[in-house]
Every structure is written in C-alpha cells, then in structure tokens.
Amino acid sequence: MNSPLPTTDLDERSVVQQAMLNAGADLAQDEDPLAILRRFCNTLVTASGHIRLVWMYVGEPEVPMLRPQYAAGPARAYADELAIGLSTPERASPARQALARHEMILKHLREDTGPASSLAAAREYGLESCLVIPFGRPGGIGRGIVSVYADLPDYFEQVGQDSFAAFGYLADAAMAQAALRQKLQRMATVDGLSGLLTRQAMQEILQRFVAQAQRQGTGFCLLLCDIDRFKIINDNYGHQAGDRAIAATAAALRGALRTEDWASRWGGEEFLCLLPGVACDGGKSLAERVRSAVAGQPVDLGDGRSVTVTVSIGVACLPIAGSTLQELLAHVDSALYDAKASGRNRVVRASTQGQSLYFMANEIDQAISEDRLRPAYQPIVRLADGEVVAEEALARMVQADGQLIEAGRFIAQASQLQLAHRVDHAIMRQAMDHCALRIFSGQPPLTRLVNISADLLRHPELVDDLIARAKTICSACGDRIGAQKPLVIEITERELLGDLQEAKRLLQPFLDFGIRLALDDFGSGYSSFHYLAELPFSFLKISGDLIAQVNVNPRGRRILRGIQDLARDMEVTTVAEGVEDAATADTLREIGIDWVQGWLYGRPRLLEAGTNAADTPAAAAS
C-alpha cells in the first residue's frame, strides 16, 4: 500500500483543485463538451501522480454492456478491459450506480464485492479508490460519467470531493447547453413542418455538389416541385389544411426518392430535390414518380374530409442546363414556370428557352446595377384642346452598345424571374426625380403615370423607400406642386385579380400619401367593374385593342360609350391607349373620351442626354 499524503503538503490538493477549476472554465466555453471532457481526463492524470486512471462514458444507463469510451493514465489498460454488464453484482458497480442515481459515488476498491477477477485487476494496476462523477440531465442527451481512480484508499477524503462535485455541476450545464445548440442547429437545418432540409441547409449542400462536379466533371439533377393551387387549399380549408398538404407532399416526396437523394423545403409550398449522379432522362423519370406519388395520396384534412393535391415539377441538370448554381436554379425555376403555365400536374425539363431566360435575367440584373434601366416618357393629350396634360413612364433597357430594348421584350421575363419589383422600383424612383426636375426648372407640374406590378406591392421595404422618396421630393417642391400630387400609379386588372381586401391593403401606403390610381388595360379581357366600385381609381386607361375597334366595330363603339358614361358618373378620367390615326381620335372625341395617348401624339422618348436622377433637387435634398 502506498503511504498517505504528507499532512504538511498542501500541493496535492491545490494541484487537483486547479485542474478542476481549469476544466470547469473550459466547459463554460462554446466548444464541444465531450472534447473538453477528454482533455480533462488527460489533464487530471498529468496533474497528480496519485491519479492512476480517468475514464469517461457518455450514453444511457441501461446499455447492455457499459465500456469506457475514453481513458487516460498509467492504468489505462485496466479501462480497456473493463466491461460492466447488467447482472446484479454489476449493477452495484460505482459506474452503474452513479449513472442510475445521478449522484457522485465514492468506492474503496478493497471493499468492493464485485467479481474477484475485477478486484485482482484493480490491485494489479495499483488502484485503491474510485470516485465516479455523473453529468448530464436524466432523460436528456449527453448523459454520462467520469471515473477517477487513485492509488490511495482515502485519497478523495484527503483532497476533498467538493471540487469534483462542482465540476459535475458545470458538466451538467455544459451538456444542457450542448443539447440546446444541437436542437438549434437541427432547427436551422431541418424544416419543422415538412421534416425536410431547410433552404439554407440545401444551399450549402448544393454548393458542395457543384464544386465537386466542377472538379470531377460529374453532374446531377435538380427537381423543383410546387403544390398546385395551394392558395385555394388555404383559402377554402384554412391554414391548418395547408400545413397538412405540405407535410403530406413532403412525405410522398421522400417515399418516391432514392436514399441517396436530398430533399428540402425550398419555399412556402416549394420543394427542391438534388439527385446525385442522375442524368436528365433519369431525373425526369424520378420527377414523374414523385408527381404520381403525390397525386395518388389524398391529404387527410383531419375533419373527415380529404383533398387531392398535385404538384408541378421543373427538371434541370448540371452541366447541360448550366455550369454554375445560379444558372441551374434559374433554369429549374423556368422549367417549373413552364409546367405551371402548360396546365399544372406535370413535369417539364429545362429547355433552351429556359437558358435564354437565364441570360435575360442576367441582363436585367446588370442593367439595374449599372443604371441602364431607364424610363421613356410618352405624352398624354387632353382630347378636347390637344394640350399635353400628362406623361407615362415606360421602362426601357439600354444595352451596353446603346441599343434600346422596349418593355415588351423583357417585362414578362422580369415577372417570370421575380425581378418585376426591382424594375418597378428603379423606374418609379427616376420618374419621381424627373418630376422634381421639371418643377424646379420653372415648368408647371405634369401628371406622371408609372406602371407597377403586384410584385412591387409585396415588397414593403421598396414601397417604404418610394414613399420616403416622394415625401422628400414634395417637401423640396413645396407649394409649387399644386393641389394634387402629380404621381399616378397604374396597375392592370390582371395584377388585381384575387383578394380585393389584400389589394386594398397593399395599395394603402400610396393612397395614404395622396398618390392617385389608374386602372390600366381596361377592357383587355379581365374587366371587373367590381374593382372600380371598391378601389378609388382616378383614371381608367382603356385597352388599345378596344380602341382599335372604334371605327370598325359598332358594338365596340357602343361599349366605349358605355365606359365613358360610367366613368363620367364616377368622376373618373378616361385615357384611350394606342391612338395612331386622326379618324380614331375624332371618334373618341365625339364619344367624350377625356385623354388620349399613342403614336399620333408622340412616341416614348428617353430623358435628354446628360440628365440623370443625381442632378435633381430631390437627390440633393435626400
């Protein structure tokens, strides 16, 4: 037996206490607690020659065979041979007891009633006493023990157990923090409703696969799935039914994919799937399997009712549809759009049209960044006296070589690519600045009409920016503006189709500031007098298609008369679009149309060379 600690020597106690303090401080750091526990095992056996062995175990107390998972010290071979089962004597071991009772256990090994072979092995390695420190919360993750062995029977009584107990409490807290971090990490990578990866987690995986494909010359396939008519499910059955539809679609999707595939909830009702090592034909086949699986599994709404859900799926493969992640995502989104547009519940593979769509997206993005998206102004004339009373700002893209691209060649693509809000924002800001420039140059204010999309209205940060800009301009212009604010926003009936109350809510910031509304393209096929009754339109712009019939179709002329009579009764100004000849203008004047615009009165023109938004008084005031 080794001799006891010298009573005058306090170094041993100090050394052990310092080691425990250092370990406790380490546990408080934002680091893997298990790594710190392993380091603690090494530190403790290094600190004192009397500590012969420290081992740790992390796991459930009822594991069939409890074995040390990490060990340090001169007697480490003892831990390598240690295996504690579930027999009655083994359940009485210090390790089992500390785990089961979640309390620190001190054991003098010579008094141990365990197997003789175990006692003999302990003596062989010079082990006389053992202190087992439990950590982790019962029922939680990260539950375990640290077992410390000394070569003196009363070692732990002499150095004191308080420091070991304090370390156990700190380990408890560290494991609880580790569990919380793990939960938060899971919440960040797994969507709670669908059980699929989150968009952020999927983006990291995609970047890794793209990098690998570029290095190795391999490829993969993407599927972008969207639940068809999801808004109808939400509106008719409630959001809980919508959640059930998302969860059921995710389950069907997981069941249809291979084990090596990745699936994520990409958006509200969108799912993005990554199919490693799959060519386009194989990707389309898998997409068809997903589509069939979703359609073949009705969604239980929880109240005895069920609804059949379908999905539209776009397919794009690397490297055929693009060599970068940005290109690939643009193409798969375009393919999904085509699947929706061609009838839904179908699979569409990215085409060369989708590639040209991507290049258009890149062109629009660059044009906005380089200030090459500009408004061209077309005059609007009062028909009674021919005076120019307004201008409409029409978007134009100026290419690097100076060539102009008209709105008709890129606005639809901008909407499809979800870039319409950026186009609207850029054009409206410039139109506001041009308005201020005109007023500060001494000219009377001119009514200025600007087209916007519902996409802009759904970006409140851009709406707030425009309102702030308008306030700055109006403050700078003062009473020179006149009785009414010159700015008018145009919105088409197509953009308004849907929820009227939602349309009101989205338009309200502009209305509150005093910006007037124009209903654009009236009579183009979606006419709804309901909107005229519910929204405070000041202008009614009549579709050029209807105007073109005024001298060739008596019915068209009668419809125009009816529209004009209605507008007059509602005190709404009518504006005829697309007037190209004097005969049409004469008939419109006879009917009583208020304002006209078209090539007969002037084509759209850009601002004069050298004029830009930065020169305006509004820019100086902001």
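The values are calculated or read from the model by the stated rules, or taken from the named source; none is laboratory data. Computed from a prediction, not measured in an experiment: that's the story for all the values here. Don't worry about glycine lacking a Cβ; one is built from the backbone with ideal geometry, like all the others, and counts go over all protein chains shown.
Could you list, in sequence order, the residues of the stretch 307-339 that are surrounded by fewer than 23 Cβ atoms within 10 Å (Cβ to Cβ) and either within 17 Å of A250 (Cβ to Cβ) or basic (K, R) (or both)? Result: V307, T308, T310. Within the stretch 232-260, the residues that satisfy the criterion of being assigned to a helix (DSSP H, G or I) and surrounded by fewer than 13 Cβ atoms within 10 Å (Cβ to Cβ) are I232, N236, H239, Q240, G255. Looking at the structure I just gave you, is R305 modelled with pLDDT of 90 or more and either more than 26 Å from the chain's Cα centre (by Cα) or not small (G, A, S) (or both)? No, not satisfied. Flag set for D228, criterion: of a type in the set (D, E), under 30 Å from G322 (Cβ atoms) and either surrounded by fewer than 17 Cβ atoms within 10 Å (Cβ to Cβ) or modelled with pLDDT of 90 or more (or both).
Taking L301, is it surrounded by 21 or more Cβ atoms within 10 Å (Cβ to Cβ) and in contact with a helix residue (DSSP H, G or I) (Cβ under 8 Å, 6 or more places away or on another chain)? So L301 fails the test. Looking across the stretch 288-310, the residues that are more than 17 Å from L336 (Cα to Cα) and in a loop (DSSP other than H, G, I, E, B) come down to G296, Q297, P298, L301, G302, D303, G304, R305, T308.
Six or more apart or on different chains, Cβ under 7 Å: which pairs go from a residue in the stretch 585-597 that's part of a helix (DSSP H, G or I) to one that's of a type in the set (G, A, S)? Could you list them? Correct list of pairs: L588/A576.
The set of residues in the stretch 403-421 that are touching an Asp or Glu at 6+ places or on another chain (Cβ under 8 Å), assigned to a helix (DSSP H, G or I) and modelled with pLDDT of 80 or more comprises A420, H421. Among the conditions (1) buried (at least 20 other Cβ atoms within 10 Å of the Cβ); (2) over 23 Å from V347 (Cβ atoms), R208 misses just one, which is (1).
The set of residues from the stretch 69-93 being surrounded by 21 or more Cβ atoms within 10 Å (Cβ to Cβ) and either of a type in the set (D, E) or in a helix (DSSP H, G or I) (or both) comprises Y78, A79.
Yes/no per residue for (1) over 47 Å from the mean Cα position of the chain (by Cα); (2) at pLDDT 85 or above; (3) under 21 Å from R101 (Cα atoms); (4) of a type outside the set (A, V, I, L, M):
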| position | (1), (2), (3), (4) |
| --- | --- |
| D26 | no, no, no, yes |
| D30 | no, no, no, yes |
| A35 | no, no, no, no |
| F40 | no, no, no, yes |
| G49 | yes, yes, no, yes |
| M56 | no, yes, yes, no |
| G73 | yes, yes, no, yes |
| G85 | yes, yes, yes, yes |
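Yes/no matrix, rows are residues, columns are (1) in contact (Cβ under 8 Å) with a residue 24 or more places away in the chain; (2) surrounded by fewer than 22 Cβ atoms within 10 Å (Cβ to Cβ); (3) acidic (D, E):
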{"site": "E387", "(1), (2), (3)": "no, yes, yes"}
{"site": "Q403", "(1), (2), (3)": "no, yes, no"}
{"site": "I427", "(1), (2), (3)": "yes, no, no"}
{"site": "E461", "(1), (2), (3)": "no, yes, yes"}
{"site": "A468", "(1), (2), (3)": "no, yes, no"}
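Sub-9 Å Cβ pairs linking a first residue in the stretch 64-88 that is farther than 21 Å from L44 by Cα and without any contact (Cβ under 8 Å) to a residue 60 or more places away in the chain to a second residue that is acidic (D, E) and assigned to a loop (DSSP other than H, G, I, E, B), at least 6 apart or interchain, are L86/E62, ordered by first then second residue. The residue of the stretch 440-484 that is nearest to A414 (Cα to Cα), among those that are assigned to a loop (DSSP other than H, G, I, E, B) and among the hydrophobic types (A, V, I, L, M, F, W, C), is I452.
Can S285 be described as assigned by TED's automatic domain parsing to the domain that holds L275, surrounded by fewer than 16 Cβ atoms within 10 Å (Cβ to Cβ), closer than 19 Å to L257 by Cβ and of a type outside the set (A, V, I, L, M)? Here the answer is yes, as S285 does meet what is asked.
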